[in-house]
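Novice: Before I ask anything, here is the structure I am working with.
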């Protein structure tokens, strides 16, 4: 196919990785708009168009904060803003382990609830650990990218709320590799922070991230000292209410986001979720036809990331 963009390379690398994911030419073109100042009326209008559409994707009436960072930045923000006491880090893979690393790097006391890699975090295990008391927050990955396991977040959230003082425990969820490809109703599941970033199911270039934040989490943040400035939830919301960001943001990515959200909603979110499930099922069907086994157990297989056990000892470097 003729390259109509003289700047874009003709070498189109196919990405067989969990992210960054393929970005459509239309999205690449959208981010090529003339640059705007982040305080200009045109940029305020752009953010004003984006905000309600993000609310639909997150299924929330609460604020959805926008950060010029990767999802890991908002993971740190979640800890710095909502964890003033002990944190329970639920670890069943590399990215849930990152929650643990960030918690410890921020100087917060923590305990770790481990599950074998390739297995889910179980609600009853969460309830048992939290029932001893003394916990401020719990961290969990909705979709553990490293293993292809989707954790049962709705049931985990119900388990958290069922323990004594559970209504005050912050539920912090990383949905970097699932949100926009899987339905995660933030309000209905009573979560406190649900974060994601641009380069996975949103299918955008990397460099921007989003987090739905509950009123409970905002109230908690007001009591936590030394939250910093760049990732301070109250600073972010202060500017968001004016359709602004505290500092210069990734304006080009906002153009791309606006276009992608418009296309996602035109497709219909339920149709989008069904399409991801169909692609997951087709991928597993192909793998099993080659004598390969999905790494995640049935019932917990991610709709967006499929990990395969290398039963046949293929040379992965040669495949790449």
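Novice: Which of the following residues is more than 17 Å from residue 265 (Cβ to Cβ), at pLDDT 95 or above, surrounded by 13 or more Cβ atoms within 10 Å (Cβ to Cβ) and touching a helix residue (DSSP H, G or I) at 6+ places or on another chain (Cβ under 8 Å): 28, 44? So that I can check it myself, show each step before the final result.
Specialist: On the way: 44 fails: touching a helix residue (DSSP H, G or I) at 6+ places or on another chain (Cβ under 8 Å).
Of 28, 44, the one residue that is more than 17 Å from residue 265 (Cβ to Cβ), at pLDDT 95 or above, surrounded by 13 or more Cβ atoms within 10 Å (Cβ to Cβ) and touching a helix residue (DSSP H, G or I) at 6+ places or on another chain (Cβ under 8 Å) is 28.
Novice: Which residues, taken from the stretch 131-140, are buried (at least 17 other Cβ atoms within 10 Å of the Cβ) and free of Cβ contacts under 8 Å to residues at least 60 places away in the same chain?
Specialist: 135, 136, 137, 138, 140
Here is a yes/no grid of residues against (1) surrounded by 19 or more Cβ atoms within 10 Å (Cβ to Cβ); (2) in a loop (DSSP other than H, G, I, E, B); (3) at pLDDT 95 or above; (4) on the phi < 0 side of the Ramachandran plot:
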{"residue": "230", "(1), (2), (3), (4)": "no, yes, yes, yes"}
{"residue": "243", "(1), (2), (3), (4)": "no, yes, yes, no"}
{"residue": "296", "(1), (2), (3), (4)": "yes, yes, yes, yes"}
{"residue": "305", "(1), (2), (3), (4)": "yes, yes, yes, yes"}
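Novice: Out of the stretch 302-318, which residues are out of contact with any strand residue (DSSP E or B) (no Cβ under 8 Å at 6 or more places or on another chain) and within 29 Å of residue 175 (Cβ to Cβ)? Show your work before the answer.
Specialist: Initially, the stretch 302-318 is screened for residues out of contact with any strand residue (DSSP E or B) (no Cβ under 8 Å at 6 or more places or on another chain), giving 310, 312-318.
Those that are out of contact with any strand residue (DSSP E or B) (no Cβ under 8 Å at 6 or more places or on another chain) and within 29 Å of residue 175 (Cβ to Cβ): 310, 316.
Novice: What are the residues in the stretch 68-90 that are within 17 Å of the chain's Cα centre (by Cα) and surrounded by fewer than 23 Cβ atoms within 10 Å (Cβ to Cβ), if any?
Specialist: Keep residues of the stretch 68-90 that are within 17 Å of the chain's Cα centre (by Cα), which gives 68-79, 89-90.
If the condition is that a residue be within 17 Å of the chain's Cα centre (by Cα) and surrounded by fewer than 23 Cβ atoms within 10 Å (Cβ to Cβ), then 68, 69, 70, 72, 73, 76 are the ones that fit.
Novice: Is it true that residue 113 is under 19 Å from residue 134 (Cβ atoms), more than 13 Å from the chain's Cα centre (by Cα) and modelled with pLDDT of 95 or more?
Specialist: Working: under 19 Å from residue 134 (Cβ atoms): yes; more than 13 Å from the chain's Cα centre (by Cα): yes; modelled with pLDDT of 95 or more: yes.
Considered against the rule, which asks whether it is under 19 Å from residue 134 (Cβ atoms), more than 13 Å from the chain's Cα centre (by Cα) and modelled with pLDDT of 95 or more, residue 113 comes out as yes.
Novice: Against the conditions (1) surrounded by 14 or more Cβ atoms within 10 Å (Cβ to Cβ); (2) touching a helix residue (DSSP H, G or I) at 6+ places or on another chain (Cβ under 8 Å); (3) under 21 Å from residue 203 (Cβ atoms), where does residue 58 fall short? Just the number, please.
Specialist: Answer for residue 58: the failing condition is (2).
Novice: Next question, about the same structure. What's the total number of residues in the stretch 179-227 that are buried (at least 21 other Cβ atoms within 10 Å of the Cβ) and assigned to a loop (DSSP other than H, G, I, E, B)?
Specialist: 14
Novice: Suppose we filter 128, 94 for residues that are surrounded by fewer than 17 Cβ atoms within 10 Å (Cβ to Cβ) and within 17 Å of the chain's Cα centre (by Cα); which single one remains? Walk me through it before giving the result.
Specialist: On the way: 128 fails: within 17 Å of the chain's Cα centre (by Cα).
From the options 128, 94, the qualifying one is 94.
Novice: Which of the residues spanning the stretch 160-178 are outside any helix (DSSP H, G or I) and either within 22 Å of residue 102 (Cβ to Cβ) or free of Cβ contacts under 8 Å to residues at least 12 places away in the same chain (or both)? If you could, list the steps in order and put the result at the bottom.
Specialist: Initially, the stretch 160-178 is screened for residues outside any helix (DSSP H, G or I), giving 163-165, 169-178.
Across the stretch 160-178, the qualifying residues are 169, 170, 171, 172, 173, 174, 175, 176, 177, 178.
Novice: Something else: Could you tell me which residue of the stretch 265-292 is farthest from residue 36 (Cα to Cα), considering only residues that are surrounded by 13 or more Cβ atoms within 10 Å (Cβ to Cβ) and modelled with pLDDT under 95? Step through it out loud before you land on a result.
Specialist: The initial filter retains those residues of the stretch 265-292 that are surrounded by 13 or more Cβ atoms within 10 Å (Cβ to Cβ), namely 265, 269, 272-273, 275-277, 279-281, 283-284, 287, 292.
Still in the list and also modelled with pLDDT under 95: 287, 292.
Values: 287: 46, 292: 50 Å.
Among those that are surrounded by 13 or more Cβ atoms within 10 Å (Cβ to Cβ) and modelled with pLDDT under 95, it is 292.
Novice: Can you name every residue in the stretch 267-320 that is under 22 Å from the mean Cα position of the chain (by Cα) and more than 21 Å from residue 177 (Cα to Cα)?
Specialist: Answer for the stretch 267-320, where residues must be under 22 Å from the mean Cα position of the chain (by Cα) and more than 21 Å from residue 177 (Cα to Cα): there is none.
Novice: All but one of (1) surrounded by fewer than 17 Cβ atoms within 10 Å (Cβ to Cβ); (2) within 29 Å of residue 273 (Cα to Cα) hold for residue 37; which doesn't?
Specialist: (2)
Novice: Can you find a residue that is in contact with a helix residue (DSSP H, G or I) (Cβ under 7 Å, 6 or more places away or on another chain), within 29 Å of residue 273 (Cα to Cα) and surrounded by fewer than 20 Cβ atoms within 10 Å (Cβ to Cβ) anywhere in the stretch 141-156? Step through it out loud before you land on a result.
Specialist: Step one: list which residues in the stretch 141-156 are in contact with a helix residue (DSSP H, G or I) (Cβ under 7 Å, 6 or more places away or on another chain), which gives 141-142, 144-146, 152, 155-156.
From what's left, within 29 Å of residue 273 (Cα to Cα): 141-142, 144-146, 152, 155-156.
Keeping just the survivors that are surrounded by fewer than 20 Cβ atoms within 10 Å (Cβ to Cβ) gives 152, 155.
The answer is yes, given that some residue of the stretch 141-156 is in contact with a helix residue (DSSP H, G or I) (Cβ under 7 Å, 6 or more places away or on another chain), within 29 Å of residue 273 (Cα to Cα) and surrounded by fewer than 20 Cβ atoms within 10 Å (Cβ to Cβ).
Novice: What number of residues within the stretch 107-116 satisfy the criterion of being surrounded by fewer than 18 Cβ atoms within 10 Å (Cβ to Cβ) and in a loop (DSSP other than H, G, I, E, B)?
Specialist: Start the filter on the stretch 107-116 by keeping residues that are surrounded by fewer than 18 Cβ atoms within 10 Å (Cβ to Cβ), which leaves 107, 109, 111-112, 114, 116.
Filter once more, keeping what is in a loop (DSSP other than H, G, I, E, B): 107, 109, 116.
Number satisfying all stated conditions: 3.
Novice: Can you find a residue in the stretch 249-264 that is surrounded by fewer than 18 Cβ atoms within 10 Å (Cβ to Cβ) and in a loop (DSSP other than H, G, I, E, B)?
Specialist: Checked against the condition, which is being surrounded by fewer than 18 Cβ atoms within 10 Å (Cβ to Cβ) and in a loop (DSSP other than H, G, I, E, B), the stretch 249-264 yields no hits at all.
The values are calculated or read from the model by the stated rules, or taken from the named source; none is laboratory data. All figures in this text were calculated on a predicted structure; none of them were measured in a lab. Backbone-built Cβ (ideal geometry, glycine too); neighbour counts: all protein chains shown.
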